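In what follows, a structure is listed as structure tokens, so that the remarks can point back to it.
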Amino acid sequence: MRLKYAACILFFYVSGAGFCLAQPVDKNATKETRKLYKNLNKFIKRGIMFGHQDDMAYGVGWRDVEGRSDIKEVAGEYPAVFGWEVAGLEKDAALNIDSIPFTKMKQYIRQVYDMGLVNTMTWHLDNPFNGKSAWDTKQVSLPAILPGGSKHQLYNTWLDKLGVFLLDLKGSDGKPIPILFRPYHELTGSWFWWGRDLCTPQEFKQLWIYTYNYLQNKGIHNLIYVYNTGSVKTMDAFMERYPGDAYVDMVSCDAYDSNSKGPDSRFVTETDKSLTIVEQAGKLHNKIPALAETGYEAIPYSEWWTNVFWKAIENHKLSYVLVWRNAGYQPENKKHHYYAPYKGSNSEKDFLELINTKPLLLQKKVQKKNIYK
Ligand code: BMA
């Protein structure tokens, strides 16, 4: 016991980091999951991994083309982190909410793992109280999906379906693929049925803990659990619904820009503030910090990357940042919906300047580190 304590102090001293326990909360986490967790911890000193949602699946003006990636076409390499969304699994849909076939998604996830890169996952699961979408906030009563509630069995069947998908994620080496799993994201907002105005902190925590235990009992041990809020102004707001140190591996927030034209924007100030809180929470609770979703839809300001994005994150030690999906033009909303640069887009040059001069890690730097070994 004493030795362990001494080793811990030594680690703290040598690493200079605020993190001591380099183990995921799941005591039965697979070897690769444990390695990934340890390496995420280590990497924070080297730089911030750069991620992109659905990167291999589609980009602006293309879909499902082997080897394509908007980031790769601009940067000459893939991002380091790939985000995936599994809404639709709960109702046995063949395609996810953004039209990616689940069979295809499994292949992408495998490809990412085989390349030695990182996968992360969200779940905009339907509203279980009325069968509408995750954004439908009517008829919500969280206790109904908890034990004893009228929708409890239904919720269990949804978790079973998620479980089947997760258990089927295997690399070419046959090992379960580690996933940074970020359920019930943006929990401080009230636009999803699990949001702040839709349930009490106690109910939210119960939901998280129930879900965690259920997946554990299903034998799912390839998850690193990511707690995620929207922008926050205080530590109290960030921690209000935190389910406890035993159920969380990483702490994160999401922050989107909507009107910046230069470095003095509200986005920079607010995101910098949120990240200070996320980082402090990480230090206090021994959890790894990240900016789990960010971006500026259609990037209307061509120097956004160096003048806004970088200014918002430059003072922070984060594991990763991830920009949202490149869906392209959406006729139904009559708008361009993309967050990463693509070949020929207006912020391409500035993005290159960013990744060539700042400590951001894309495919090549992360690959060299053998994060699963
Ligand atoms: C949102 C938008 C939607 C999408 C959803 C889930 O932010 O990009 O178009 O369906 O995420 O990925």
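The values are calculated or read from the model by the stated rules, or taken from the named source; none is laboratory data. Values in this document were obtained by computation on a predicted structure and should not be read as measured data. Using ideal geometry, Cβ is built from the backbone for each residue, glycine included, and neighbour counts are taken over all protein chains shown. These area figures cover heavy atoms from the full protein model, side chains too; ligands, DNA and RNA do not enter into them. Shrake-Rupley method; radii C 1.70, N 1.55, O 1.52, S 1.80 Å.
Expressed as a whole percent, the accessible area of the chain that falls on carbon and sulfur atoms is 52 (1.4 Å probe).
Computed 3J(HN,Hα) for the range 337-342, one whole-Hz value per residue from the Karplus formula 6.51 cos²θ - 1.76 cosθ + 1.60 where θ = phi - 60°, is 10, 8, 10, 10, x, 10, glycine and proline marked x. Counting only residues at least eight positions apart within a chain, or on another chain, the aspartates and glutamates with an alpha carbon under 17 Å from that of K91 are D126, D136, D160.
I'd like the trypsin sites (Lys or Arg not before Pro) in the range 180-238 restricted to DSSP loop residues with at most 16 other Cβ atoms within 10 Å, sorted by number.
On the way: sites: R196, K205, K218, K233; in loops: K218, K233.
Qualifying residues, ordered by number: K218, K233.
Looking at this model, which pairs from K311/K358; K27/K364; K104/K335; K42/K349; K132/K161 are more than 20 angstrom apart at the alpha-carbon? Pairs exceeding the cut-off: K27/K364; K104/K335; K42/K349. A protection proxy built from the mean count of other Cβ atoms within 10 Å ranks the segments 80-90, 54-64, 239-249, most packed first, as 80-90, 54-64, 239-249. Surface analysis of the chain yields an accessible area of 42 Å² per residue, using protein heavy atoms and a 1.4 Å probe. Could you tell me which of rounded, prolate or oblate describes the chain, using a ≥ b ≥ c as the square roots of the eigenvalues of the alpha-carbon gyration tensor, with rounded for a/c under 1.5 and, failing that, prolate when a/b is larger than b/c and oblate otherwise? Rounded, since a/c falls under 1.5. If you sort S265, S172 by accessible surface, 1.4 Å probe, largest first, the order is S172, S265. Computed from the C-beta positions of S258 and I209 and an R0 of 41 Å, the FRET efficiency is 0.75 to the nearest 0.05.
With the charge dipole of the chain set up from +1 on Lys and Arg Cβ and -1 on Asp and Glu Cβ about the Cα centre, the Cα lying farthest toward the positive end among the listed residues I224, G295, L198 is that of I224.
Couplings for the range 221-231, taken from phi via the Karplus curve 6.51 cos²θ - 1.76 cosθ + 1.60 with θ = phi - 60°, read 10, 10, 10, 10, 8, 10, 7, 9, 10, x, 4 Hz in order; Gly and Pro are left as x. A simple spin-label model places pseudo-atoms 7 Å from Cα toward Cβ; at K334 and K218 they are separated by 4.2 nm. Placing +1 at every Lys and Arg Cβ and -1 at every Asp and Glu Cβ, with all other atoms neutral, what dipole size does the chain have around its Cα centre, in debye to the nearest 20? That gives the chain a dipole magnitude of about 1340 debye. Counted over the range 20-367, the DSSP beta bridges are approximately 20% antiparallel.
Using a simple spin-label model with pseudo-atoms 7 Å out from Cα toward Cβ, L154 and N28 lie 3.0 nm apart. With a threshold of 23 Å on the Cα-Cα distance, the over-threshold entries among K233/K365; K31/K205; K175/K317; K38/K368 are K233/K365; K31/K205; K175/K317.
Mind checking the full-extension length gain between N370 and K175? Use 0.36 nm per residue of separation minus the Cα-Cα distance, one decimal, nm. Walk me through the intermediate numbers first.
Values: separation 195, 0.36 × 195 = 70.20 nm, distance 1.50 nm.
Here the answer is 68.7 nm.
Here r is the Cβ-Cβ distance between K358 and S99 and R0 is 30 Å; the resulting FRET efficiency, rounded to 0.05, is 0.35.
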